[in-house]
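Q: One structure coming up, written as structure tokens, with questions to follow.
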Amino acid sequence: MKIKMRTVADIPNLHNVPILVRAPLNEPIENGEVANDFRLRRTIPTIEFLASKGAKVIMCGHIGRDPSETLQPVYRALAKRLPHVSFSGESIGERARAAARALYPGDILVLENLRRHKGEVENNPAFAKELAQLADVFVQDAFDTAHRLHASIVGVPDILPSYAGLLLAEEVRQLFVARTPARPSLAIIGGAKFSTKEPVLKELFSLYEKVFVGGALANDFLLAKGYTVGTSLVSGADDNAVRAFLVNNSLLLPVDAYMARKDAPREDARVGDVTNVADDEAILDAGPQTQKQLAQLSQCAKTILWNGPLGHYESGFTEGTKALALAIAQSGAHSIVGGGDTITAIEELGIAEHFSFISTGGGAMLAFLTHGTLPGIEAILQSQAQVG
Ligand code: 3PG
Ligand code: MG
């Protein structure tokens with residue numbers, strides 16, 4: 001079902017109004033600086049819209065999984081792109097309230113990592129209340145985290161009148177299209193961990209005509225088919241659960257791969273058939289035949305959905321992922337893609353503008369594709385239903 005949320009454009013009064021924006025600030029950090037500000041760039045239209053109307057913009061979000069991590073590098077990256085940005089070392093309490101009170105219309109305040117407080121991840125009502133106290137209105141723009149039951153996702157919308165940011169609204173529109181694909185349709189799922197991908201695979205088999213399973217995820221499938229996968233990364237998934245997918249006519253798997261012994265350098269990898277992996281070898285990337293097949297499928301498709309790398313990206317096995325990115329970019333298909341390594345590949349190739357939509361969500365994108373909604377979206381809808 002189509003989701004209809006009121007967005008920032010529907011907020012009746014903005015001038016001089018403190019607005020709390022839950023933003024996608026979880027960016028990769030290298031040497032204390034943001035390595036890629038993709039998510040930040042995507043939320044900027046929401047922030048600029050609010051600031052241009054004279055709102056006092058209070059941005060909050062999280063960074064990483066370690067609660068001691070700081071959002072300061074993300075604040076610095078934002079300050080390079082927008083004027084009048086300041087940082088508060090506290091996200092709740094008197095100091096945070098004072099920083100919010102000190103804002104002038106059009107100013108932007110970035111609050112420190114919400115996950116410094118257990119109350120955020122535990123969705124503690126007292127923490128949600130503290131956060132909500134900073135503003136009169138709440139805006140959700142963190143699509144990437146909207147699958148989490150955290151205070152800034154589901155707690156605050158219970159307290160404040162809530163609206164969707166422009167990014168969240170666009171993600172929902174585009175991923176709705178991904179759930180109603182024009183045919184011929186092709187879904188490609190890579191990455192690892194069968195258990196986390198099982199629900200989305202089930203859904204995709206019902207929505208898409210062809211589903212290609214690649215990356216380490218494919219190893220589980222090859223194993224279930226009875227092939228030797230050597231020392232390849234497998235997720236120890238329940239064999240029966242994987243086997244249940246094998247009967248599906250729409251399932252496509254890699255036919256060949258780059259494989260190598262443990263810790264061997266990239267150049268020592270050999271190309272071989274997936275039916276021919278030695279006991280001491282690991283599958284590390286999609287092979288040339290598989291790349292070619294995917295390119296042909298992409299040429300014929302009207303809709304392509306892609307999430308997750310085809311190879312062991314962090315150890316340099318990027319060829320399969322990049323070949324697929326190029327093939328999709330060159331196809332005439334409506335293309336919707338997402339996931340960290342997928343985005344890295346696309347950005348490294350400089351071909352982002354050839355994709356119809358690049359989602360800022362990894363896990364959130366998969367969860368939305370599975371359920372057609374997310375807890376953070378439902379929370380906004382409920383808040384809006386209360387107001388009427
Ligand atoms: C992500 O990068 O997956 C989102 O920002 C959510 O972060 P999390 O997986 O740590 O909850
Ligand atoms: Mg995640």
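Q: Would you look at the GNM of the chain, springs on alpha carbons closer than 10 Å, and say which of 363, 316, 214 moves the most?
A: Most flexible of the set in this elastic network: 316.
Q: For the chain, what does -39500 (n - 2.57) per DSSP helix run (n ≥ 4), summed and divided by total residues, give at 222 nm, in deg cm²/dmol to the nearest 500?
A: On the way: 14 runs with 148 residues, N = 388.
After summing the helix terms and dividing by the residues of the chain, the value is -11500 deg cm²/dmol.
Q: Would you mind calculating the gained length between residue 90 and residue 202 on full extension (0.36 nm times residue separation, minus the Cα-Cα distance), in nm to one decimal?
A: Numbers: separation 112, 0.36 × 112 = 40.32 nm, distance 4.26 nm.
Here the answer is 36.1 nm.
Q: Scan around residue 256 for amide H atoms under 5 Å from its own, H built in the peptide plane at 1.01 Å from N, and keep only partners 5 or more places away or cross-chain.
A: 274, 287, 290
Q: Also, I was wondering about something else. In the neighborhood of residue 44, defined by Cβ-to-Cβ distances under 12 Å, what is the net charge if each Lys or Arg adds +1 and each Asp or Glu adds -1? Don't jump to the answer; show the numbers that get you there.
A: Values: positive: 39, 41, 42, 80, 81; negative: 37, 48, 141.
The answer is +2.
Q: What are the ³J(HN,Hα) values, in whole Hz, obtained from phi via the Karplus relation 6.51 cos²θ - 1.76 cosθ + 1.60 with θ = phi - 60°, for each residue of the range 268-279 in sequence order, with x given for Gly and Pro?
A: 7, 5, 10, 8, x, 5, 5, 7, 9, 9, 6, 4
Q: Sticking with this structure for a sec: Taking only the C-alpha atoms, wrap a convex hull around the chain and report its volume per residue in Å³ as a whole number. Kindly include the intermediate steps, with their values, before the conclusion.
A: On the way: hull volume 53.8 nm³, N = 388.
Enclosed volume per residue, from the Cα hull, is 139 Å³.
Q: Continuing with this model, one more query. All other residues with a Cβ under 11 Å from the Cβ of residue 319 taken together, and with Lys, Arg as +1 and Asp, Glu as -1, what is their net charge? It would help to have the intermediate numbers written out before the result.
A: Working: positive: 266, 322; negative: 285.
Net charge around residue 319: +1.
Q: Another one. Would you mind checking the tilt of helix 340-349 against the longest principal axis of the Cα atoms of the chain, expressed as 0 to 90 degrees and rounded to 10?
A: Once rounded, the angle reads 80 degrees.
Q: Amide H to amide H under 5 Å from residue 306: which residues, 5+ apart in sequence or cross-chain, H placed 1.01 Å off N in plane?
A: 188, 336, 337, 338
Q: Sticking with this structure for a sec: Each residue of the range 206-219 in turn: what ³J(HN,Hα) in whole Hz from Karplus with 6.51, -1.76, 1.60 and θ = phi - 60°, glycine and Pro shown as x?
A: 7, 9, 10, 6, 10, 10, 9, 9, x, x, 5, 4, 5, 4
Q: Starting with the fewest neighbours, write out 38, 138, 127 ranked by other beta-carbon atoms found within 10 Å of each beta-carbon. Numbers along the way, then the final one.
A: Numbers: 38 19, 138 26, 127 23.
Taking fewest neighbouring Cβ atoms as first place, the list is 38, 127, 138.
Q: Which shape class applies to the range 30-120: rounded if a/c is under 1.5, otherwise prolate when a/b exceeds b/c and oblate if not, where a ≥ b ≥ c are the square roots of the Cα gyration tensor eigenvalues?
A: Values: a/c = 1.97, a/b = 1.14, b/c = 1.72.
It is oblate, given that a/c is not under 1.5 and a/b is not larger than b/c.
Q: Skipping prolines and chain starts, which residues have an amide H placed within reach, meaning under 5 Å, of the one on residue 91, given they are 5 or more residues away or on another chain?
A: For residue 91, the qualifying residues are 112.
Q: Sticking with this one: Work from the charge dipole of the chain (Cβ charges, +1 for Lys and Arg, -1 for Asp and Glu, about the Cα centre) and give the residue of 45, 191, 207 farthest towards its positive end.
A: The Cα lying farthest towards the positive end belongs to 45.
Q: Another question, then. Taking θ = phi - 60°, what integer Hz values does the Karplus form 6.51 cos²θ - 1.76 cosθ + 1.60 yield along the range 320-327, in sequence order, with x for Gly and Pro?
A: For the range 320-327, the Karplus-derived couplings read x, 5, 5, 4, 5, 4, 5, 4 Hz, x marking Gly and Pro.
The numbers here are math on the coordinates, done by the rules we state, and not lab data. Just so we're clear, the structure is a prediction, and the values are computed from it rather than from any experiment. We place every Cβ from the backbone using ideal geometry, glycine too, and count neighbours over all the protein chains shown.
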